[in-house]
Amino acid sequence: MEKIIESYGSRISENTVAKRTSIGSHNTVSSYLNLAEDLFVLRIFRKVEGNRVNNKSFKKVYFIDPFIYRVMKRYTKGVGALDESDMPHVVEGVVGEHLAREYERIGYTFFKGGKEVDFVVRNLGIEVKWGSGNLKDLRMEKGYVLTLDEVGGNGEKVMLPVSIFLYLASSDRVFLR
């Protein structure tokens, strides 16, 4: 679990986790991750390539609730409080969990050259930039850049505060285009 805390919200490989821990097999790591997802502890986002989900690629793993993240951080690292450096990852996890509860087939995508889009829903990209953002941060043709409090846009790309986006996503208005 400590490896998940260290790479919270980053792409992980079952092989890498197996090598860095005493678990041993990537199949066992995969089983543990799936069990944690079935027990509503973790949410696993898989890579989306076009209209296809790639189950063998890297995965992004988030705790379903920020409280669970805080408890696990305290358990593994002896630090209980969330600090400023945790907030971008925690907010990204909250957005991902909200989307996963509202919509089917949520994933992320990754382009050559290190460009990643945090979440993909219905061919729309969603990039979470806690603090300040830029429309160029979204590497897809259309979608949303979510920030703390900035608003802007240019047609197919819109910048919104996370709070407004989460409200609109619940009402299904944000994805009507």
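The values are calculated or read from the model by the stated rules, or taken from the named source; none is laboratory data. As the structure is a computational prediction, the values presented were derived from the model and not from experiment. As a convention, Cβ positions derive from the backbone with ideal geometry for all residues, glycine included, and neighbour counts pool all protein chains shown. For accessibility, only protein heavy atoms count, side chains too; no ligands or nucleic acids. Shrake-Rupley method; radii C 1.70, N 1.55, O 1.52, S 1.80 Å.
Taking the criterion of being surrounded by 16 or more Cβ atoms within 10 Å (Cβ to Cβ), more than 15 Å from S10 (Cα to Cα) and touching a strand residue (DSSP E or B) at 6+ places or on another chain (Cβ under 7 Å), the only residue of region 30-40 that qualifies is A36. Listed conditions (1) farther than 17 Å from A100 by Cβ; (2) among the hydrophobic types (A, V, I, L, M, F, W, C); (3) exposed (fewer than 13 other Cβ atoms within 10 Å of the Cβ) are all met by A18, apart from (3).
Across region 46-67, the qualifying residues are those that are within 18 Å of H98 (Cβ to Cβ) and among the hydrophobic types (A, V, I, L, M, F, W, C), and the one among them that is most open to solvent (accessible area, probe 1.4 Å) is F67. Checked against the criterion of being touching a Leu at 6+ places or on another chain (Cβ under 8 Å) and open to solvent by 60 Å² or more (accessible area, probe 1.4 Å), the candidates R70, R101 yield just one match: R70. Filtering region 142-159 to residues that are under 17 Å from the mean Cα position of the chain (by Cα) and open to solvent by less than 50 Å² (accessible area, probe 1.4 Å) leaves G143, Y144, V145, L146, T147. Residues satisfying the criterion are absent from region 76-98 (criterion: open to solvent by less than 10 Å² (accessible area, probe 1.4 Å), out of contact with any helix residue (DSSP H, G or I) (no Cβ under 6 Å at 6 or more places or on another chain), touching a residue at least 12 places away in the same chain (Cβ under 8 Å) and farther than 19 Å from K60 by Cα). If you go through region 20-30 and keep only what is part of a helix (DSSP H, G or I) and out of contact with any Ser or Thr (no Cβ under 9 Å at 6 or more places or on another chain), you end up with R20, N27, T28, S30. Each residue in region 127-162 was checked for being assigned to a strand (DSSP E or B), among the aliphatic types (A, V, I, L, M) and touching an Asp or Glu at 6+ places or on another chain (Cβ under 6 Å), and 3 of them qualify.
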